[in-house]
């Protein structure tokens, strides 16, 4: 017992002695603050695969530090200025569609590093300055450095909390970020600012070469333990703190460089966690009796197997002290019987599985064009089809007094912070009374118009189960939004909010005289009125309405809005001009285009597309109204009896050419380049896109 107490006393002295020294205490606090700071920024570096960018920005600080050293200024200030310039350069070059992001980063990386070395070579203390820049001096941390790190950490926390939703959407799908109105370009700038702050504030402690270790290794290790961003950040901070303590201890007793030892400890923790995770998976697989791992899993296991599993568990526990916090979520994942987002009978994909549903009026022939595989699928004909609508998954082919519902087999399940893409075999679901002109991917489907001008509702959720469930019949057109129904009252000109059982909830002001077109967006539901657009928004089950007057000289309701599904930028055609409505900025912009037969836009930051009667596709800058490109796409002039369809998604536009029996895929971001042409054996009179 005495020996144990003595050994324990020696160990405690070994553990505590270094931290009794003042400069080591400051180094410890500095390392802990840097660990927390790097955990916030490093998590996004790892999740988004931005490791090369992180390293480039760490080295991109060299010119600013060199200038500050030569002028006798503050090195941290120089680092911040230089890293900010690097971030701005990356942001600008990333918008160049002809230059890959990695190429732009590489060019800036080499250029900034070269300039920095050239400047430092002019200094008489070249070796000392460069060594300190690359490797830092954590033991020289001063009280004012701690204050600076604390302020940087507070700022980083604010950026992280405010930008979490945008960063998350940007990490998993930039198209979703744009759809949600989160402005991915601004989110990217904010993320670069967070990364710049973390690198500039940390380089003095561990140096630019070694800050990369704390920026990447702890978050990378944390991803083996959890897939939730907040938990990754917390675990990364914990792993970074452990690396700081271990690095300082080893450095004190072994006489090694403190900053380098901390970074090496962080990398060692990553490999330890990765190895431990692999061992856990292997032992779990053996304990379940997987192929080639033991007896029939259906038979009772022997005591010998139980003993082996116990020994394996003990071994794993001893090896995985740093990953003790990782077990809970991993075990939850293995016991989850149904994968997150699972849809029976469907195949989940890594990207959107877009399809076009096409119909020929004369014969009622229906085809489904898979835009990924280019396969053309034959669907059951719908004789007399006159109109087609979609809700993102189902196509509604209206013929006379009824509408045929076809499941295109391509759709998205949106969970807000991420999406799931699915594909399945197309199928015919059933018939819906009335002629569907507009459909909505909401709990209820608005299906105007019945013979008496009223609207029939169908349960949208029931369609996913293969059933057509009729709902109440409403007077006039209804727009599902925010879990309710928005119904224009033609008598009072006000929008009524009703629940799904058609019970009144409230009536909105201001009024909307002579309501025309309507469209749901992520930022609100839009109605066209005689004197402008009425935007209805919902937050916490509270509805408000705001009128956006038309530009001067424009009056009368717009018949229809055109836009990409979910986008908060819409266009409307009025005589020889296009009106662009930006919900986010609450503004209208008229564009003089001349006669237009079709128009649309992909959303904020993209050109407005129009098709003229001569079959020429045009693109216009929404800010200036200037024409940016034009391209003939149709075989001849537009037939007013069969006007063409112009569809757009986040990457491409699609134009049908009935006379030429083909569909053109247009890259609207590259001068209206025709990316693909699909020749068909039918006349593509009607067309909708699903899976976006």
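The values are calculated or read from the model by the stated rules, or taken from the named source; none is laboratory data. Remember, predicted model here, so these are calculated numbers, not experimental data. Glycine also receives a Cβ, built like all others from the backbone with ideal geometry; neighbour counts cover every protein chain displayed.
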> From the list 148, 109, which residue is surrounded by 14 or more Cβ atoms within 10 Å (Cβ to Cβ), out of contact with any strand residue (DSSP E or B) (no Cβ under 9 Å at 6 or more places or on another chain), assigned to a helix (DSSP H, G or I) and modelled with pLDDT of 75 or more?
Replying inline: 148
> If the Cβ limit is 9 Å and pairs must be 6+ apart or interchain, which residue in region 244-256 that is farther than 13 Å from residue 266 by Cβ pairs with which residue that is outside any helix (DSSP H, G or I)?
Replying inline: 251/257; 252/21
> Looking only at region 459-493, which residues are out of contact with any strand residue (DSSP E or B) (no Cβ under 8 Å at 6 or more places or on another chain) and under 23 Å from residue 403 (Cα atoms)?
Replying inline: 461, 462, 464, 465
> Is it the case that region 285-307 has a residue that's surrounded by fewer than 17 Cβ atoms within 10 Å (Cβ to Cβ), at pLDDT 65 or above and over 28 Å from residue 17 (Cβ atoms)?
Replying inline: no
>> Of everything in region 467-504, what is under 35 Å from the mean Cα position of the chain (by Cα), crowded, with 18+ Cβ neighbours inside 10 Å and not in a strand (DSSP E or B)? Give them in sequence order.
In response: 477, 478, 482
> Scanning region 420-443 for residues that are more than 30 Å from the chain's Cα centre (by Cα) and modelled with pLDDT under 85, which turns out farthest from residue 389 (Cα to Cα)?
Replying inline: 433
>> Looking at the structure I just gave you, is residue 76 part of a helix (DSSP H, G or I), assigned by TED's automatic domain parsing to the domain that holds residue 116 and at pLDDT below 75?
In response: yes
> So which residues in region 648-670 are closer than 21 Å to residue 595 by Cα and either in contact (Cβ under 8 Å) with a residue 60 or more places away in the chain or outside any strand (DSSP E or B) (or both), if there are any at all?
Replying inline: 648, 654, 656, 658, 659, 668
> Is it the case that region 161-174 has a residue that's assigned by TED's automatic domain parsing to the domain that holds residue 86, modelled with pLDDT of 75 or more and more than 20 Å from the chain's Cα centre (by Cα)?
Replying inline: no
> Looking at 530, 545, 602, which is the one that is within 30 Å of residue 354 (Cβ to Cβ) and outside the structural domain of residue 437 (by TED's automatic domain parsing)?
Replying inline: 602
>> The conditions are (1) buried (at least 21 other Cβ atoms within 10 Å of the Cβ); (2) at pLDDT below 80; (3) not in a strand (DSSP E or B), and residue 452 fails exactly one of them. Which is it?
In response: (1)
> Inside region 605-645, can you point out the residues that are in contact (Cβ under 8 Å) with a residue 60 or more places away in the chain and more than 22 Å from residue 358 (Cα to Cα)?
Replying inline: 605, 606, 607
> Looking at this structure, is residue 236 surrounded by 24 or more Cβ atoms within 10 Å (Cβ to Cβ), at pLDDT below 85, in the same structural domain as residue 164 (by TED's automatic domain parsing) and closer than 15 Å to residue 32 by Cα?
Replying inline: no
> Do you know which residues across region 393-411 are at pLDDT below 90 and surrounded by fewer than 22 Cβ atoms within 10 Å (Cβ to Cβ)?
Replying inline: 400, 401, 402
> With 556, 605 as the choices, which residue is under 21 Å from residue 649 (Cα atoms) and surrounded by fewer than 16 Cβ atoms within 10 Å (Cβ to Cβ)?
Replying inline: 605
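So that you can scan it fast, the table gives a plain yes or no per residue for (1) at pLDDT below 95; (2) within 21 Å of residue 388 (Cα to Cα); (3) buried (at least 21 other Cβ atoms within 10 Å of the Cβ):
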residue: 637; (1), (2), (3): yes, no, no
residue: 644; (1), (2), (3): yes, yes, yes
residue: 652; (1), (2), (3): yes, yes, no
residue: 670; (1), (2), (3): yes, no, no
residue: 687; (1), (2), (3): no, yes, yes
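The rows are residues; the columns are (1) at pLDDT below 90; (2) under 24 Å from the mean Cα position of the chain (by Cα); (3) in a strand (DSSP E or B); (4) within 14 Å of residue 486 (Cβ to Cβ).
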residue	(1), (2), (3), (4)
506	no, no, yes, yes
510	no, no, no, no
514	yes, no, no, no
535	no, no, yes, yes
547	no, no, yes, no
559	yes, no, no, no
571	no, no, yes, no
579	no, no, yes, no
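Listed here are the residues, each with its yes/no results for (1) surrounded by fewer than 24 Cβ atoms within 10 Å (Cβ to Cβ); (2) under 21 Å from residue 151 (Cβ atoms); (3) touching a strand residue (DSSP E or B) at 6+ places or on another chain (Cβ under 7 Å); (4) free of Cβ contacts under 8 Å to residues at least 24 places away in the same chain.
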| residue | (1), (2), (3), (4) |
| --- | --- |
| 15 | yes, no, no, no |
| 22 | yes, no, no, yes |
| 27 | no, yes, no, no |
| 43 | no, yes, no, no |
| 51 | yes, no, no, no |
| 61 | no, yes, no, no |
>> Quick test for you: out of 241, 263, pick the one residue that is under 20 Å from residue 222 (Cα atoms) and at pLDDT 85 or above.
In response: 241
